[in-house]
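Computed from the coordinates by the stated procedures, all read-outs in this text should not be read as laboratory data. No experiment lies behind these values; they were computed from the predicted model shown. Cβ sites come from the backbone with ideal geometry, for glycine too, and all protein chains shown count toward neighbours.
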Amino acid sequence: MTPDKSVKSSQPTTEMDYYQQGWLLHSSRKDEDAAEENFRQAIASNPNYFDAYFGLGLVLKSQDRRQESIQAFQKVLELLESDPLDDRSRAEMLRRLTLAHINRMKTGDWNLEKEIWKHSR
């Protein structure tokens, strides 16, 4: 889900509010700590909220907290595996993008060529 730009700076109350506030803070680079906290609140409200784990992974990556970021991204993969999305194209795109971020942090390379060929058969 993409964040709604009309979200106000008011106190979030739902998992979606926390998620959107996290994206607004992260994308504006205003307060990465607050962005992290909002994604964590969204996850606390819904432990299966893979989009919030993805956002958390990006925030942690931007803070150079690689191990924590990799763990968040691995949780995205785990959740996609255990509860696939109805939109298979979106699920595959998110899976590949998540793997790319993990690869980039582990090896310095996005390293998706093998991944793309492996899954296109």
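Quick notes on this one:
- All-pairs Cα distance distribution in the stretch 15-119, expressed in whole percent, bin size 10 Å: 16, 45, 32, 6
- Gain on full extension, evaluated as 0.36 nm per residue between Asn48 and Asp109 minus their Cα-Cα distance, stands at 19.1 nm.
- Taking a Cβ cut-off of under 11 Å around Arg66, the surrounding Lys, Arg, Asp and Glu residues balance to a net charge of +2, with basic ones at +1 and acidic ones at -1.
- Karplus-derived HN-Hα couplings along the stretch 55-68 (A = 6.51, B = -1.76, C = 1.60, θ = phi - 60°), whole Hz, x at Gly and Pro: x, 4, x, 5, 4, 5, 4, 5, 8, 6, 9, 4, 4, 5
- Residue-wise HN-Hα couplings along the stretch 72-81, as the Karplus relation 6.51 cos²θ - 1.76 cosθ + 1.60 with θ = phi - 60° gives them from phi, are 5, 5, 5, 5, 4, 4, 4, 5, 5, 6 Hz; Gly and Pro carry x.
- Charges were assigned to the Cβ only: +1 to each Lys and Arg, -1 to each Asp and Glu. The resulting dipole of the stretch 15-119 about its Cα centre is roughly 440 debye.
- Förster-model FRET efficiency, 25 Å R0, Gln71 and Ala100, C-beta, rounded to 0.05: 0.95
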